[in-house]
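Asker: Sharing a structure here in structure tokens format.
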Amino acid sequence: MRPPSPSIPEKKFLYDALKQSLRLDGRDMLDFRTPTFTFGPELGWVECAMGKTRVIAQLDAKMVKPLPERPFEGIITIHSEISPMASPDYEPGRPSEEEVTLTRMLDKVLRRSDTIDKESLCILAGQRVWQLRLTVHVLADAGNILDCSCLAGIVAFKHFRKPEVEVVGDEVIVHSPSERAPISLAIHHTPFCVTFAFFPDALTRPVVDPSLLEQRLSSGLMSIAMNAQREICVLHKAGGVPTAPEEVLRLINVTSILVKDLDKRVEARLLEDWEGRKVEVR
């Protein structure tokens, strides 16, 4: 069942406010909601909240046989789940269109952009590698679940520690955290996703991090994944209103400023959690 369309007064009120550069939640047009992170007792469990949008990301690792065509590389799989708990608009059972799009974007941003060094996940060439499985659960959809999910996913990768292993001949010994301190993943770069919403009126400027109502009434979305070094990992715009190249470049510059702030915020929060956590050899 599709969600009911916003009423005509709602549409008019939102469009009139946006023409005056006002947003219903009091933010500026290019204001990103401040993300907050909650870490679980296990390494690699992260809850990310942006306003009322909430997402949980969990990372697990297990040893498997590598793919025959890539014997020196580990395996990374990403799964997302949007249940009716996130919003009554979603139905249990077969994946919705939003869920498929979310999984594809997470795959592009976190896996195909070579965020993780896959060769560092190799234990014994052609026989044993680590398989990382990232599961993203959307708890509440108040708009822009993509950015929140990407943020939760990359923080889960940075927060996770894999057990140290020792290879003796053809035997692989996995050491528990009580014997040897676990090792962090080898991360090449840290991409963050920033989404902009466009509106039918050409005079209305695009907004960053759209709310649920803004997202429903938008005539197109553009997501830019970028790291703190200003490297564009993904630029995704599926249809919608045409956008001038100058406007795209302007939004890329806006993204670079937001991404630097997100990077500092994530590093500070991870350091804070790590200092309060005891992971050591007994």
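The values are calculated or read from the model by the stated rules, or taken from the named source; none is laboratory data. Remember, it's a predicted structure, so these values are computed and weren't measured experimentally. Counting neighbours? That spans all protein chains shown, and the Cβs are built from the backbone with ideal geometry, glycine included. SASA here: full protein model, heavy atoms, side chains in, ligands and nucleic acids out. Shrake-Rupley method; radii C 1.70, N 1.55, O 1.52, S 1.80 Å.
Asker: Can you pull the accessible area of Phe198 for me, 1.4 Å probe, Å² to the nearest 10?
Answerer: Here the accessible area works out near 10 Å².
Asker: If you project the alpha carbons of segment 60-162 onto their three principal axes, what span does each projection cover, largest first, in Å?
Answerer: 47, 26, 20
Asker: Further, regarding this structure: Give me the Å³ per residue figure for the convex hull around the C-alpha atoms of segment 106-145.
Answerer: About 79 Å³ per residue, rounded to a whole number.
Asker: So, how do all the Cα-to-Cα distances of segment 23-64 break down into 10 Å bins, in percent, from 0 on up?
Answerer: P(r) for segment 23-64, in whole percents per bin: 24, 37, 22, 13, 4.
Asker: Something else now. Please state the Cα pair-distance histogram of segment 188-282 with 10 angstrom bins from zero: what percent is in each bin?
Answerer: Calculated P(r), rounded to whole percents: 15, 38, 26, 13, 6, 2, 0.
Asker: Keeping every protein chain in place, order Ile173, Ile224 by accessible area at 1.4 Å, biggest value first, i.e. largest first.
Answerer: Ile173, Ile224
Asker: Over segment 127-220, what is the mean sequence separation of C-alpha contacts under 8 Å (at least six apart), divided by residue count, expressed as relative contact order in percent?
Answerer: So the answer I get is 28 percent.
Asker: Accessible surface of His137 in the full protein assembly, 1.4 angstrom probe, to the nearest 10 Å²?
Answerer: Taking all protein chains as shown, His137 has close to 60 Å².
Asker: Can you give the calculated 222 nm mean residue ellipticity of the chain, where each DSSP H run of n ≥ 4 adds -39,500 (n - 2.57) and the sum is split over every residue, rounded to the nearest 500 deg cm²/dmol?
Answerer: -8500 deg cm²/dmol
Asker: Moving on. Just name one of Gly220, Gly169, Ala17: the one whose Cα is farthest towards the positive end of the charge dipole of the chain (beta-carbon charges, Lys/Arg +1, Asp/Glu -1).
Answerer: In the chain, that residue is Ala17.
Asker: Ordering Leu270, Leu212 from largest to smallest accessible area (1.4 angstrom probe), what's the sequence?
Answerer: Greatest to least solvent exposure: Leu212, Leu270.
Asker: Moving to a separate point now. So which aspartates and glutamates can Lys11 reach, going by Cα to Cα under 14 Å and dropping same-chain residues fewer than 8 places off?
Answerer: Correct list for Lys11: Asp201, Glu214.
Asker: At Arg277 and Glu246, where each label point lies 7 Å from the Cα along Cα→Cβ, what is the point-to-point distance in nanometres?
Answerer: Going by the 7 Å Cα→Cβ label model, 4.8 nm.
Asker: Right, here's the next one. Plugging the Kirkwood radius over Cα pairs into Stokes-Einstein for segment 1-96, at a temperature of 25 °C and a viscosity of 0.890 mPa s, what D comes out in µm²/s?
Answerer: Translational diffusion coefficient: 136 µm²/s.
Asker: I need the Kirkwood Rh of the chain: take the reciprocal of the average 1/r across all distinct C-alpha pairs and report it in angstrom.
Answerer: Final number for the Kirkwood radius of the chain is 20.3 Å.
Asker: May I ask you to list the residues of segment 166-189 whose amide nitrogen lies under 12 Å from a point 7 Å from Cα along the Cα→beta-carbon direction of Gln229?
Answerer: 187-189
Asker: Compare Gly143, Gly51, Gly240 in a GNM of the chain, Cα atoms joined below 10 Å, and give the one with the largest fluctuation.
Answerer: Evaluated over the chain, the most mobile residue of the options is Gly240.
Asker: If the reach is capped at under 24 angstrom between alpha carbons, list the lysines near Lys62, excluding any in the same chain fewer than eight residues apart.
Answerer: In chain and number order, the partners are Lys108, Lys118, Lys158, Lys162, Lys278.
Asker: Another question, if that's okay. Leaving out ligands, DNA and RNA, and with a 1.4 Å probe, what % of the accessible surface on segment 23-276 is carbon or sulfur?
Answerer: Of all accessible area on segment 23-276, carbon and sulfur atoms account for 52 percent.
Asker: List the Cys residues of the chain that have no partner Cys with a C-beta closer than 4.7 Å.
Answerer: Lacking a cysteine Cβ partner under 4.7 Å: Cys48, Cys122, Cys148, Cys233.
Asker: When DSSP beta bridges are limited to those with both residues in the chain, what percentage is antiparallel, rounded to the nearest 5?
Answerer: 85 percent
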